[in-house]
Amino acid sequence: IIFGWNYANASVKTFSVPNSSVENGQLSDPAHWAVADVVNYFKATGFEEQANAFQDQEIDGKSLLLMTRNDVLTGLSIKLGPALKIYEYHVKPLQTQHLKGNVS
């Protein structure tokens with residue numbers, strides 16, 4: 001269980017992320033996530049409707065980490081508002097977390 005800001009509806013929320021996405025109480029490296037983990041992550045963070053776009057496009061963790069802002073805004077065929085929130089508050093921070101974890 002993670003406490004966080006639910007940007008989908010602007011509220012503080014407690015949410016559970018997929019077990020395979022959590023290691024020692026923290027999110028695991030998204031590079032190891034399967035498509036189902038990515039979908040479940042976005043469902044758990046309040047983007048239930050938009051999560052299916054990641055399934056439809058077969059976005060796994062490695063693909064998620066390669067996504068640009070433009071990919072999220074135009075490549076997933078989701079509405080602009082949720083797409084902006086998904087990129088700014090989820091994709092970009094996950095990318096940053098991944099990069100920090102891989103710096104030697």
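The values are calculated or read from the model by the stated rules, or taken from the named source; none is laboratory data. Note that the structure is a prediction, hence the values are computed from the model and not measured. No Cβ is skipped: glycine too gets one built from the backbone with ideal geometry, and neighbour counts run over all protein chains shown. Surface areas here come from the heavy atoms of the whole protein model, side chains and all, with no ligands, DNA or RNA. Shrake-Rupley method; radii C 1.70, N 1.55, O 1.52, S 1.80 Å.
Convert each backbone phi in the range 29-43 into a coupling constant with the Karplus relation 6.51 cos²θ - 1.76 cosθ + 1.60 (shift: θ = phi - 60°), then list the ³J(HN,Hα) values in order as whole Hz, x for Gly and Pro.
Using θ = phi - 60°, the values come out as 5, x, 4, 9, 7, 7, 3, 4, 5, 4, 4, 5, 4, 5, 5 Hz.
With every protein chain present, what is the per residue accessible area of the range 30-102 (1.4 Å probe, Å²)?
On the way: 3850 Å² over 73 residues.
On a per-residue basis, 53 Å².
Check which residues have an amide H placed less than 5 Å from M67's amide H, if you skip close sequence neighbours.
Amide H to amide H, under 5 Å and 5 or more residues apart or across chains, M67 pairs with nothing.
Run the numbers on the range 30-102 and let me know its relative contact order in percent, using alpha-carbon pairs under 8 Å that are six or more apart. Write down the numbers at each step before the final one.
Numbers: 69 pairs, mean separation 23.1, N = 73.
Reported as a whole number, the value is 32 percent.
Take the solvent-accessible surface of the protein heavy atoms, probe 1.4 Å, and return the percent of it on the range 30-102 that carbon and sulfur atoms account for. Working shown, then result.
On the way: 1900 of 3850 Å².
Roughly 49 percent of what the probe reaches on the range 30-102 is carbon or sulfur.
Could you work out the Kirkwood radius for the range 30-102, taking every pair of different alpha carbons, averaging 1/r and inverting it, reported in Å?
Radius from the Kirkwood sum: 11.9 Å.
I'd like to compare 70-81, 29-40, 49-60: which one has the highest average count of other Cβ atoms within 10 Å, and what's the full order after that?
Ranked from most to least packed, the peptides come out as 29-40, 49-60, 70-81.
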